[in-house]
There are 2 protein chains.
Amino acid sequence: MIILHTIAEVRRYVAEQRAGGKTVGLVPTMGYLHEGHLSLVRQAKEQCDVAVMSIFVNPLQFGPNEDFDAYPRDLERDARLAESAGVDVIFAPGVDEMYPDGGGKSLTYVDVEAVTETLCGAKRPGHFRGVATVVTKLFNIVLPDRAFFGLKDAQQVVVLQQMVRDLNTPVEVVPCPIVREPDGLAMSSRNVYLSDEERVQALVLSRSLRMAAERVQAGERDADALVAAVREMIQEQPLAKLDYVQIVSMRDLSLLSTLDQPALLALAVKFGKTRLIDNIVLDI
Amino acid sequence: MIILHTIAEVRRYVAEQRAGGKTVGLVPTMGYLHEGHLSLVRQAKEQCDVAVMSIFVNPLQFGPNEDFDAYPRDLERDARLAESAGVDVIFAPGVDEMYPDGGGKSLTYVDVEAVTETLCGAKRPGHFRGVATVVTKLFNIVLPDRAFFGLKDAQQVVVLQQMVRDLNTPVEVVPCPIVREPDGLAMSSRNVYLSDEERVQALVLSRSLRMAAERVQAGERDADALVAAVREMIQEQPLAKLDYVQIVSMRDLSLLSTLDQPALLALAVKFGKTRLIDNIVLDI
């Protein structure tokens, strides 16, 4: 496995692979890898000849009061894990390489409307603009055939699928299942922020999602009642500060009051300064 | 020369050319071709093996009170002219092919800031958003090595160069000189709107630009004085309705009060409902 830091190098590498007739899969990450990321790599290796992993903590997708500076970084550890999962090349650019015109800013943005206006999009203004912009840049740099994203960020997957469709981007966005700890906590680089006590109480996220899914299986179709039950269960945990619980259409992320179509139950909860998200697809 | 109407067909065509080792040049147009467009084709043929011309009147870049419906269209005539200039393939999609999600709308936009805020950008809100979005789509569909744009739309060239730099788009934007009628009028598809009387008075655009350039050659460095002289000359024509006259930096299109760097003198003038633009680079 090799590690490249410049756009020119990764372009050259990919061009050589393509000239040899190989297909290219991209796994965009912000590093501090966990089993969720590694499952994306395994998908990429299954579907493509070459797996490129980008590791870039993108300032554009963090709000002014968010954890850009504190976000955990450890390239050495990431490189070991990436290699063990089968990554062929890591692209790890600095902020100046990706935003040469000064301090993590850009004059050009990719804006996706509508599907960015609920869930995390409503709570993190500019977040998905930053995601859509950096993913467009990464696609233009790496020119992958396919790109692999985890469904823990379900809204991100929907936003990027919309973007790719609208802009005719020649990349297939492949959604991959959420990977969880044995006790149910969805894997996240931000889990390292949690104290022992918060870590225990954070189990309420997956527990409340399972509870809701069971009620749906038992026949519940009232989205508001489901949301209320989830809210109540989460609020029983003294350290949990609810950010949102919403049930939305899988198609366009519009809010649902009745489960009459494939739906996503998504939530965000804060423990201290740590904001965790999780979700489940509600099959009817 | 062949004419293709679907994205799938043009993708297949270009992929075959590329597989044969050929380079691809794109000339994006809204049709109703004139000598200006054909000069872009000749540039494309000089620099690339294959010349693709897109012909698409893009609803996204027209304002609600602009001439989208009235914009002149004649694909048969365009095809003859394009073939004579050396075009290999015309890509002429319908609105539904480019915007399948309904009526010439998109949920995803490419926004370029700063350089879109002066000149035509200030007068035509949303225009450059529409241009940047459709050009991104055309680039993603055709995947050209180079794309050729006329400097009559100088701001468009600057906006697209900024976009390509910011998004790492793997396409070189090639600016090409303005082509003029023998009497000086810059070629434009909109010139057909002009009455005989308007056509004569419209010569004031190029005449006033030449006058300003001569004053600069003679030593004038006061941008406000130059703008005032141009305005005065244009306002002598009774049918001319001035939209704007501005002198801006060639680098970032910021307004200049003194000519201390490469500058662009750009103007827009209305004759009846017809809005004409023209510009000149002021060398110092």
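Out of everything in the stretch B:106-126 that is within 13 Å of another protein chain (Cβ to nearest Cβ) and among the polar types (S, T, N, Q), what residue ends up being nearest to residue B:251 (Cα to Cα)? The extreme case among them is B:116.
For residue B:82, are the conditions met, namely being buried (at least 21 other Cβ atoms within 10 Å of the Cβ), within 14 Å of chain A (Cβ to nearest Cβ) and closer than 25 Å to residue B:45 by Cα? Criteria not met by residue B:82. Note on the stretch B:42-56: residues that are within 19 Å of residue B:73 (Cα to Cα) and touching a residue at least 40 places away in the same chain (Cβ under 8 Å) total 3.
Restricting A:115, A:110 to residues that are without any contact (Cβ under 8 Å) to a residue 60 or more places away in the chain and out of contact with any Pro (no Cβ under 7 Å at 6 or more places or on another chain) narrows the list to A:110.
Among residues that are at negative phi and outside any loop (DSSP other than H, G, I, E, B), residue B:82 is included.
There is no residue in the stretch B:235-242 that is touching a Ser or Thr at 6+ places or on another chain (Cβ under 8 Å) and either of a type in the set (Val, Ile, Thr) or not assigned by TED's automatic domain parsing to the domain that holds residue B:119 (or both). Looking across the stretch B:215-225 at every residue that is touching a residue at least 40 places away in the same chain (Cβ under 8 Å) and in a helix (DSSP H, G or I), the one that is surrounded by the fewest Cβ atoms within 10 Å (Cβ to Cβ) is identified as B:216. When the stretch B:147-167 is limited to residues that are touching a Cys at 6+ places or on another chain (Cβ under 6 Å) and under 29 Å from residue B:21 (Cα atoms), the one that is nearest to the other protein chains (Cβ to nearest Cβ) turns out to be B:148. Would you pick out the residues in the stretch A:158-209 that are in a helix (DSSP H, G or I), within 19 Å of the chain's Cα centre (by Cα) and free of Cβ contacts under 8 Å to residues at least 12 places away in the same chain? Selection gives A:164, A:165.
Here B:14, B:10, B:52 are screened, and the one residue that is in a helix (DSSP H, G or I), at pLDDT 95 or above and in contact with a Phe, Trp or Tyr (Cβ under 7 Å, 6 or more places away or on another chain) is B:10. Of the residues in the stretch A:99-116, none is part of a helix (DSSP H, G or I) and aliphatic (A, V, I, L, M). For the stretch A:206-227, a residue qualifies if it is within 13 Å of residue A:266 (Cα to Cα) and of a type in the set (Gly, Ala, Ser), and the qualifying residues are A:206, A:208, A:212, A:213, A:223.
Taking the stretch B:107-121 as the range and being surrounded by fewer than 22 Cβ atoms within 10 Å (Cβ to Cβ) and aliphatic (A, V, I, L, M) as the test, the residues that pass are B:107, B:114. Here the condition is being out of contact with any Cys (no Cβ under 6 Å at 6 or more places or on another chain) and crowded, with 20+ Cβ neighbours inside 10 Å; of A:239, A:209, it holds for A:209 alone.
Would it be correct to say that residue A:153 is among the acidic types (Asp, Glu), within 30 Å of residue B:169 (Cα to Cα), outside the structural domain of residue A:275 (by TED's automatic domain parsing) and within 12 Å of the chain's Cα centre (by Cα)? Spelling it out, residue A:153 is indeed among the acidic types (Asp, Glu), within 30 Å of residue B:169 (Cα to Cα), outside the structural domain of residue A:275 (by TED's automatic domain parsing) and within 12 Å of the chain's Cα centre (by Cα). Against the numbered list (1) at the interface with another protein chain (Cβ under 9 Å from one of its Cβ atoms); (2) buried (at least 24 other Cβ atoms within 10 Å of the Cβ); (3) not in a helix (DSSP H, G or I), residue B:137 comes up short only at (3). Filtered by the rule that a residue be under 27 Å from residue A:33 (Cα atoms) and within 12 Å of chain B (Cβ to nearest Cβ), the stretch A:92-105 gives A:93, A:97, A:98, A:99, A:100, A:105. Has the stretch B:248-265 got any residue that is over 27 Å from residue A:101 (Cα atoms) and surrounded by 16 or more Cβ atoms within 10 Å (Cβ to Cβ)? No: the stretch B:248-265 contains no residue that is over 27 Å from residue A:101 (Cα atoms) and surrounded by 16 or more Cβ atoms within 10 Å (Cβ to Cβ). Checked against (1) more than 10 Å from every other protein chain (Cβ to nearest Cβ); (2) modelled with pLDDT of 95 or more; (3) farther than 23 Å from residue A:274 by Cβ, residue A:130 passes all but condition (3).
The values are calculated or read from the model by the stated rules, or taken from the named source; none is laboratory data. Because the structure is a prediction, the values reported are computed rather than measured. Don't worry about glycine lacking a Cβ; one is built from the backbone with ideal geometry, like all the others, and counts go over all protein chains shown.
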